[in-house]
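Reviewing the structure listed below.
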Amino acid sequence: MTVIAERQRPRTKPPEIRREELMDAAQRLFLEKGFSTTSVAEIVNAADVAKGTFYLYFQTKDDVLGALQVRFVERFCERTDAAVAAASSGSWIKRLDVWMRACVEAYLDDVALHDLVFHQFQPAMRDMKRANLVVERLSSFLVEGRAAGAFSFEDPRLAAVMLFNAMHGAVDDCLAEGASVDRQKLIGVVTDFCRRAVGC
């Protein structure tokens with residue numbers, strides 16, 4: 001009888017995969033235990049790597065949290081970009097509705113992770129908001145829509161900042177109530193407000 005040896009996991013992995021695995025392990029632990037009570041030793045154990053491997057990619061667990069924040073924003077943008085691209089054949093107004101719906105749903109789907117990666121950085125919140133990739137994308141979208149004659153506003157960046165913060169604040173207010181969020185009602189209110197704000 002022939003015995004086929006079990007395939008062993010590769011001893012080495014590409015750096016980008018190893019880094020993602022460390023981030024995934026840290027994210028699970030931060031969400032389960034809290035950021036302050038999670039140690040680097042626990043992260044490396046969860047990722048099944050040597051402690052020295054951690055320091056090839058991150059100096060501290062604060063660095064991991066920063067990387068998780070960047071990944072959160074990138075994935076948020078990918079999700080909203082995909083939604084808007086799928087609606088690209090519709091009117092600019094409908095595409096704005098889709099954008100805001102995608103933002104609300106992406107936020108609600110990952111509230112715990114959002115709070116983890118942003119609420120640990122309170123002292124630097126103003127700088128972080130200034131460098132918001134979602135706002136940058138929304139600003140570009142609004143510029144295109146205005147050029148097409150669909151929107152009316154004075155300053156595209158400030159318009160994007162106000163729309164984004166209106167959406168964000170509305171979601172936060174609903175979450176603060178403690179009851180389950182009526183997504184359709186919330187999305188309807190947000191999209192109606194945004195339409196009016198850009199002169200639709």
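The values are calculated or read from the model by the stated rules, or taken from the named source; none is laboratory data. Keep in mind that this is a model prediction, so the values were computed, not measured. Here the Cβ positions follow ideal geometry from the backbone for every residue, glycine too, while neighbour counts run over all protein chains shown.
Would segment 92-109 turn up any residue that is within 18 Å of the chain's Cα centre (by Cα), free of Cβ contacts under 8 Å to residues at least 24 places away in the same chain, part of a helix (DSSP H, G or I) and buried (at least 16 other Cβ atoms within 10 Å of the Cβ)? Spell out the reasoning first.
Start the filter on segment 92-109 by keeping residues that are within 18 Å of the chain's Cα centre (by Cα), which leaves 98-109.
Those left that are additionally free of Cβ contacts under 8 Å to residues at least 24 places away in the same chain: 98, 102, 109.
So of that shortlist, the ones also part of a helix (DSSP H, G or I) come out as 98, 102, 109.
Subset that is buried (at least 16 other Cβ atoms within 10 Å of the Cβ): 98, 102.
Yes, some residue in segment 92-109 is within 18 Å of the chain's Cα centre (by Cα), free of Cβ contacts under 8 Å to residues at least 24 places away in the same chain, part of a helix (DSSP H, G or I) and buried (at least 16 other Cβ atoms within 10 Å of the Cβ).
Select from segment 128-171 the residues that are among the aromatic types (F, W, Y) and modelled with pLDDT of 95 or more and write down the one among them that is farthest from L65 (Cα to Cα).
F151
Here's a check for you: in segment 162-178, which residue that is more than 16 Å from the chain's Cα centre (by Cα) and of a type outside the set (G, A, S) is surrounded by the most Cβ atoms within 10 Å (Cβ to Cβ)?
Per the criteria, the residue is L163.
Any residue at all in segment 70-90 that is assigned to a loop (DSSP other than H, G, I, E, B), touching a residue at least 60 places away in the same chain (Cβ under 8 Å) and in the same structural domain as A176 (by TED's automatic domain parsing)?
No, segment 70-90 has no match at all.
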